[in-house]
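This is the structure, below, for whatever I ask next.
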Amino acid sequence: MSSSDQTLAAARAALQRSRAGEPESGVGGAMKRGAVLGAIVSLPVAGIGVIGGAVIGAGAAALDRLTKD
């Protein structure tokens, strides 16, 4: 299994765990979901990396959540 396959599997597992529990309200829950989705989306994008994608996804989710309230 390659590094990107392991990262993708870990991201999918984290997404499943976040869906398994009760939905989290607030900025924290939105940031967690945004980080997971950002990490998954950034896998094929060269130069950003998984950590960068997670940071960008969490920031975008927090901004979206804070501007809606």
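Computed from the coordinates by the stated procedures, all read-outs in this text should not be read as laboratory data. Model, not experiment: these values are computed from the prediction. Every residue, glycine as well, gets a Cβ built from its backbone with ideal geometry; the counts of neighbours run over all protein chains shown.
FRET efficiency for ASP64 and ARG17, Cβ-Cβ distance as r, R0 = 25 Å, nearest 0.05?
0.70
Summing +1 for each Lys or Arg and -1 for each Asp or Glu, what net charge is found among the other residues whose Cβ lies under 15 Å from the Cβ of GLY53?
Counting the neighbours of GLY53, the net charge comes to +3.
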